[in-house]
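Novice: The structure follows.
The values are calculated or read from the model by the stated rules, or taken from the named source; none is laboratory data. Everything quoted here is computed from the prediction, not taken from an experiment. With ideal geometry, Cβ positions are generated from the backbone for all residues, glycine too; neighbour counts draw on all protein chains shown. For the accessible areas, the whole protein counts, side chains as well, though only heavy atoms, and no ligand, DNA or RNA atoms are used. Shrake-Rupley method; radii C 1.70, N 1.55, O 1.52, S 1.80 Å.
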Amino acid sequence: MEFLPNGYTLNVPEGAFPLSTDSMVLIPFVRLPKSARVLDLGSGCGTLGMLLCAQNESCTVTGLEIDETAHLAALENIRRNALSLRMESICADLRSVSERFSAGAFDLCVSNPPYFSGGPVSKNTPLARREDLCPARELMRSASYALKFGGDFFLVHRPERLAELIAAGAEFALEAKRLRLVRHRQDGPVSLILLQFQKGAKPGLEWEELVLRNPDGSPTPAYREIYHL
């Protein structure tokens, strides 16, 4: 059992995507408008939705998750934390967004998608970590359809996929507006990237850096704030 801000608890079943640095660094990067309607693409057991609800009292979150075990865990997490009026989990392929919602139904999308390519080599990798059903292009297509004009899409990914993600977003009118480079150590390589896309925006990219630990391994102030220490 994981303990989250606001007294929320998160149960992660075996094989589901765990609570990780990815999710923890993504949430403070998200800028939520008032009473935001949020769509979580590939929502797992509800981690991002619960963290967003803990951060903002007015948002509502709909999660799409194809894995039934993770979806059932999300329903239980929602029930246990009394979030049924603010969160829901739908067991469905995120590529089916256009079959389930009206175009532009959401103010904001978030995603902590699988990073690893599919195929025979990755057959032993859990589905939650493979992009067989969630390639970058389809992720952007779904987010673009779901977002209203001017709506934002926030995601976390691997740095080597940056060019691919920006190009895929541009294909579906999602302009990369903000990039945050995440380093585990001040003198270490970039290990994660956080991206904010905006639907229908003009070109113009701002970039930032986030360092989680000092050279001696001690946590930085940013780390302490992210983990509520």
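Novice: Would you kindly identify the strands (runs of 3 or more DSSP E) lying entirely within segment 170-229 that contain at least 3 residues that are touching a Lys or Arg at 6+ places or on another chain (Cβ under 8 Å) and under 30 Å from Ala103 (Cβ atoms)?
Specialist: Numbers: elements: 174-185, 190-199, 206-213.
Those strands (runs of 3 or more DSSP E) span 190-199.
Novice: From the list Glu138, Glu164, Glu160, exactly one residue is within 16 Å of Asn112 (Cβ to Cβ), in a helix (DSSP H, G or I), out of contact with any strand residue (DSSP E or B) (no Cβ under 7 Å at 6 or more places or on another chain) and not basic (Lys, Arg). Which is it?
Specialist: Numbers: Glu164 fails: within 16 Å of Asn112 (Cβ to Cβ); Glu160 fails: within 16 Å of Asn112 (Cβ to Cβ).
Of Glu138, Glu164, Glu160, the one residue that is within 16 Å of Asn112 (Cβ to Cβ), in a helix (DSSP H, G or I), out of contact with any strand residue (DSSP E or B) (no Cβ under 7 Å at 6 or more places or on another chain) and not basic (Lys, Arg) is Glu138.
Novice: Would you pick out the residues in segment 179-205 that are touching a residue at least 40 places away in the same chain (Cβ under 8 Å) and closer than 19 Å to Arg141 by Cα?
Specialist: If the condition is that a residue be touching a residue at least 40 places away in the same chain (Cβ under 8 Å) and closer than 19 Å to Arg141 by Cα, then Leu194, Leu195, Gln196, Phe197, Gln198, Lys199, Gly200, Ala201 are the ones that fit.
Novice: For segment 52-65, name all the residues that are under 18 Å from Val12 (Cα atoms) and open to solvent by 70 Å² or more (accessible area, probe 1.4 Å).
Specialist: none
Novice: Restricting segment 78-94 to residues that are surrounded by 18 or more Cβ atoms within 10 Å (Cβ to Cβ) and outside any strand (DSSP E or B), which is modelled with the lowest pLDDT?
Specialist: Checked segment 78-94; the qualifying residue modelled with the lowest pLDDT is Leu94.
Novice: Something else now. Step by step: first the residues of segment 66-77, then only those that are of a type in the set (D, E, K, R) and part of a helix (DSSP H, G or I), then the one that is most open to solvent (accessible area, probe 1.4 Å). Which residue is that? Spell out the reasoning first.
Specialist: Narrowing segment 66-77 to residues of a type in the set (D, E, K, R): 67-68, 76.
Right, trim to part of a helix (DSSP H, G or I) and you get 68, 76.
Details: Glu68: 114, Glu76: 70 Å².
Per the stated criteria, the residue is Glu68.
Novice: Could you please find all residues in segment 55-77 being in contact with a helix residue (DSSP H, G or I) (Cβ under 9 Å, 6 or more places away or on another chain), more than 22 Å from Pro135 (Cβ to Cβ) and modelled with pLDDT of 95 or more?
Specialist: Residues satisfying the conditions are Cys59, Thr60, Val61, Ala74, Asn77.
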